[in-house]
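Report on the structure given below.
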């Protein structure tokens, strides 16, 4: 008489514990990817604002280079003097009036394009040639203090 044994079939596949461990490892990896994505978005926005600040400061430097005779007037107050021929002004302005108008237009650009954008132009006649320092300041998400970009250059009057 032969005895037949009821052999247990070999189980194939994963156990529930293995599946849970795999899901845990996958979840940790996905959380890491999500965090990196958030940081890359923040860094991209920071880079965009810094590039914009550089372009805006260069715009004011170009305005100063065009109106060389105004010199210290660029460190003064901004005013809408209707000196802009493209804006329908047609007013014959002095260099100081044009400087105030340039500051007015530039301040508008900075406030429109930068969050809480602020501007400043400093003039130092004590150097030869005189030195201008252009500052653009803005608020950045996640930064406790405002961020600023400064551009300093020397511009002779003639």
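The values are calculated or read from the model by the stated rules, or taken from the named source; none is laboratory data. Source: prediction; values computed, not measured. Heads up, the Cβs are rebuilt from the backbone with ideal geometry, glycines too, and the neighbour counts pull from every protein chain shown.
Of everything in the range 101-120 that's crowded, with 21+ Cβ neighbours inside 10 Å and over 25 Å from residue 47 (Cβ atoms), which residue is farthest from the chain's Cα centre (by Cα)?
Top of the filtered list is 101.
Which of (1) in contact with a helix residue (DSSP H, G or I) (Cβ under 9 Å, 6 or more places away or on another chain); (2) exposed (fewer than 15 other Cβ atoms within 10 Å of the Cβ) does residue 123 not meet, given it meets every other one?
(2)
Please determine whether any residue of the range 60-82 is within 12 Å of the chain's Cα centre (by Cα), assigned to a helix (DSSP H, G or I), touching a residue at least 40 places away in the same chain (Cβ under 8 Å) and farther than 14 Å from residue 105 by Cα.
No - not one qualifying residue is present in the range 60-82.
Can you name the residue in the range 97-128 that is assigned to a loop (DSSP other than H, G, I, E, B) and out of contact with any strand residue (DSSP E or B) (no Cβ under 8 Å at 6 or more places or on another chain) and is also nearest to residue 73 (Cα to Cα) among such residues?
Among those that are assigned to a loop (DSSP other than H, G, I, E, B) and out of contact with any strand residue (DSSP E or B) (no Cβ under 8 Å at 6 or more places or on another chain), it is 125.
With 56, 26 as the choices, which residue is out of contact with any strand residue (DSSP E or B) (no Cβ under 7 Å at 6 or more places or on another chain) and either in a helix (DSSP H, G or I) or more than 29 Å from residue 112 (Cβ to Cβ) (or both)?
Testing whether each residue is out of contact with any strand residue (DSSP E or B) (no Cβ under 7 Å at 6 or more places or on another chain) and either in a helix (DSSP H, G or I) or more than 29 Å from residue 112 (Cβ to Cβ) (or both) leaves just 26.
What number goes with the only condition from (1) modelled with pLDDT of 90 or more; (2) surrounded by fewer than 15 Cβ atoms within 10 Å (Cβ to Cβ) that residue 128 does not pass?
So residue 128 meets the others, but not (1).
Looking for whichever is loosely packed, with under 13 Cβ neighbours inside 10 Å and either under 25 Å from residue 156 (Cα atoms) or modelled with pLDDT of 95 or more (or both) here; the options are 92, 59. Which one fits?
One residue alone meets the criteria, 92.
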